[in-house]
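Notes follow once the structure below has been shown.
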Amino acid sequence: MTKKYFLLSTLLLSLIIIGCKSTPKQSEKEIISTISLVFAGDIMAHKPNYNMKNYNKIWQGISDIVKDSDLAFANLEAPVCDELPYSTYPNFNMHSDYPQAAIDAGFNVFSIINNHSNDQGLQGIKGTIDWAQKIENKTKDSERPVIINGLNEIPNSPVSYKLIHKGEWTILFCAITEILNRPDYRSYMNYVVSSKSGWEEFSKYILKVREENPCDLLILSIHTDEPEYISPVSLRRKEYYYKLLDECGVDIIYTNHPHIIRERELIGNSQTNYLNKAIIYGNGNLISGQRWEPDFENPSNPRDDTGDGFIWKLTFCKCSTEISPFIKKSEPFYITTYINTAWEFVIQKLDDNFIEYLNEIGRKKWAGYIKRRKQISEQTKETIIWQ
């Protein structure tokens, strides 16, 4: 099966497909339920970010996208421990008011497992678990419950996961990391060794989880053991992901770690003529302070890629036939971290309206820079593969 994916992928490398293969049009009667999912990148907390007085300002530029979804996913890339001070790179820590602003903006499903999860040792891990439990309990009866996965209260537990019930949908969410900056306290983490044997063991495990937990969609978040700031994805890794999709019951693979926007794939079943699976190879940063000094003279500087990100909104449908959930709509949104005149780092949509706004307020240098960054980000490839 992975070989079949490979052949189709390589055939399509020279062909950029815009839109979707035509699919049989479903009548309103046949479609019985829909769910909209938003996938975003890394929530970082560098010093310029957490020094802001009002964290809600970070999210004002994109909250309409986020709130217009049933589930909105992001990777929280730092411990959350109020008992320890805020801390920037290389050993991050944030207080609960920082992710709370993202929750207020509409994000409600978080991975908390990544290479920075043990930056503050066991105290940071336990503080993060405590925060996660409190926010889940606080919101469980609300219209938008928060779901968090990746760390485990009991050491040496099997890889954990969460079942999310939203209307007529059941979503299984599992967040893992393949990379740690140091090995301390990994027994508390959803950690999978990035090796042939590690991948094989996890493939068997996640298949068993899917079989034991009937669900409409299985979403796997992977903090991937790949070089940072590098766009290409290895064939070996792609074949592993295709195996997870085709043989292990995974429907969406959602990866982060490189801190830049990477390619993405929509995968369809040629027998049913429906798109039904997706791989996001990297959303880039959702918010960070990495691009604290934009290169206005050379906007294509690779380091400046860390200031842009990607939000992918996928709408899935179920219908009255035996067809499995399928993707009805794919909506890409490119975003950028903008440094306003108060030197606050805020997220804006990377679009013509924002460029026009910058020109209107006289920030011509920023307008030219963002225009070029928009062109660079939009070159990111979206491929459709039919199996």
>> Going by average Cβ density within 10 Å per residue, which order do the peptides 114-121, 84-91, 214-221 take, highest to lowest?
In response: 114-121, 214-221, 84-91
> When N counts the residues of the range 108-147, how does its alpha-carbon radius of gyration compare numerically with 2.2 N^0.38 Å, as a ratio?
Replying inline: 1.29
> Which one of LYS328, LYS313, LYS140 has the biggest mean-square fluctuation once the chain is modelled by GNM with Cα springs under 10 Å?
Replying inline: LYS140
> Rg and Dmax of the range 155-241, Cα atoms, in Å?
Replying inline: 14.3, 41
>> Give me the one-decimal nm value for the distance between modelled label points at SER197 and ASN56, 7 Å along each residue's Cα-to-Cβ direction.
In response: 5.3 nm
> Where both partners of a DSSP beta bridge lie in the range 156-280, what percent of those bridges are antiparallel, to the nearest 5?
Replying inline: 40 percent
> Pick from LYS67, LYS349, LYS329: which is most flexible by mean-square fluctuation in a GNM of the chain where alpha carbon atoms under 10 Å apart are linked?
Replying inline: LYS329
> Do any of LYS140/LYS166; LYS166/LYS313; LYS204/LYS318; LYS196/LYS243 go past 20 Å between their Cα atoms, and which?
Replying inline: LYS204/LYS318
> Can you work out D for the range 20-157 in µm² s⁻¹ from Stokes-Einstein, where Rh is the Kirkwood radius over C-alpha pairs, the temperature is 37 °C and the viscosity is 0.692 mPa s?
Replying inline: 201 µm²/s
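Work out, step by step, the length gained on full extension between ASN301 and GLU356: first 0.36 nm times the residue separation, then minus their alpha carbon distance; give nm to one decimal.
17.5 nm
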>> Could you work out what % of the accessible surface of the chain is carbon and sulfur, using a 1.4 angstrom probe and leaving DNA, RNA and ligands out of the count?
In response: 50 percent
> Based on the Cβ-Cβ distance of GLU153 and ASN273, what FRET efficiency does E = 1/(1 + (r/R0)^6) give at R0 = 45 Å, to the nearest 0.05?
Replying inline: 0.50
> Taking the DSSP beta bridges in the chain as the whole, what percent of them are antiparallel, to the nearest 5?
Replying inline: 50 percent
>> Using only alpha-carbon positions, what ratio does the radius of gyration of the range 193-239 give when scaled by 2.2 N^0.38 Å?
In response: 1.38
>> Connecting C-alpha atoms closer than 10 Å in a GNM of the chain, tell me which of ILE147, ILE376, ILE171 has the biggest fluctuation.
In response: ILE376
> Can you give the Kirkwood hydrodynamic radius of the range 182-305 from its Cα pairs, in Å with one decimal?
Replying inline: 16.5 Å
>> How would the range 96-210 be classified by its alpha-carbon gyration tensor: rounded, prolate or oblate, with rounded meaning a/c under 1.5 and the a/b versus b/c comparison settling the rest?
In response: oblate
>> Please compute the Kirkwood hydrodynamic radius over the chain, one decimal place, Å, based on all pairs of different Cα atoms.
In response: 21.3 Å
> If you count, for each residue, the other Cβ atoms within 10 Å and average over each peptide, how do 253-265, 124-136 line up from highest to lowest?
Replying inline: 253-265, 124-136
>> Could you report the range 259-330's accessible area per residue, 1.4 Å probe, as an integer in Å²?
In response: 33 Å²
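Can you pull the percent of Cα pairs in the range 127-194 with separation above 20 Å?
Of all Cα-Cα pairs in the range 127-194, 34 percent lie more than 20 Å apart.
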> Tell me, Kirkwood radius of the range 239-345 from alpha-carbon pair distances, in Å?
Replying inline: 16.0 Å
> Ranked highest first by average number of other Cβ atoms within 10 Å, how do 158-167, 334-343 line up?
Replying inline: 334-343, 158-167
> Could you give the nm distance between label points at SER324 and GLU212, where each point is 7 Å from its Cα heading toward the beta carbon?
Replying inline: 2.1 nm
>> Once each part is reduced to its C-alpha centroid, what is the distance from the range 169-219 to the range 272-340 in angstrom?
In response: 22 Å
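The values are calculated or read from the model by the stated rules, or taken from the named source; none is laboratory data. Not measured: the values here are computed from a predicted model. Heads up, the Cβs are rebuilt from the backbone with ideal geometry, glycines too, and the neighbour counts pull from every protein chain shown. Each accessible area value is taken on the protein alone, full model and side chains, heavy atoms only, with ligands, DNA and RNA left out. Shrake-Rupley method; radii C 1.70, N 1.55, O 1.52, S 1.80 Å.
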